[in-house]
1. Just to be sure I follow the rule: in the chain, considering lysines 8 or more places apart or on different chains, how many pairs have Cα atoms under 14 Å apart?
2. Kindly identify the range 34-143 as rounded, prolate or oblate by the Cα gyration tensor criterion: order the square roots of the eigenvalues as a ≥ b ≥ c, call it rounded if a/c is under 1.5, otherwise compare a/b with b/c, prolate if a/b is larger, else oblate.
3. Ranking 20, 79 by Cβ neighbours within 10 Å, fewest first, what do you get?
Amino acid sequence: MMEIRVLTSEERRCLPSFISQEFSDLSEKMPKPEEEGEHVFSLGALLDGVIVGYLLVREGYEYYPEERYYMLDYIVVDSVYRNQGIAKKMLMKVEEIAKERGISSLRLTSRPSREIARKLYEGDGFTGRDTGLFYKRIGEDKE
């Protein structure tokens, strides 16, 4: 059974190798355990207790216009489980958490070479910019 939820510190310390294979710089950019909490957390997709999807969420703040946002990093699904809607479910879960916490928007970056991922983001209501930044206002789903 698939479960999408915030990972515990212990689960985050034992992330599967498919994540570091996709993002070689992840280990050096991972938040320290004391940094984890409401403003920085890892979301996982677990299938029968095994992590098959991952994304890192960091809260940011912009002073003008004044808003809190979530920056999404390291969005990845194990290649064996891709094309099953897991990344979309993770994005839906982070949006649900964002709404509960009063977050105004979601942001992420994606390289042009990640065409499939970029189509997913656009299909989920994110607007891409030339800089590689994707932006989605909470509550403004694409029709």
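Rule-based calculations on the coordinates, nothing more; no lab input. Owing to the predicted nature of the structure, the values given are computational and were not obtained by experimental measurement. With ideal geometry, Cβ positions are generated from the backbone for all residues, glycine too; neighbour counts draw on all protein chains shown.
1. Eligible lysine pairs with Cα atoms under 14 Å apart amount to 6.
2. oblate
3. 79, 20
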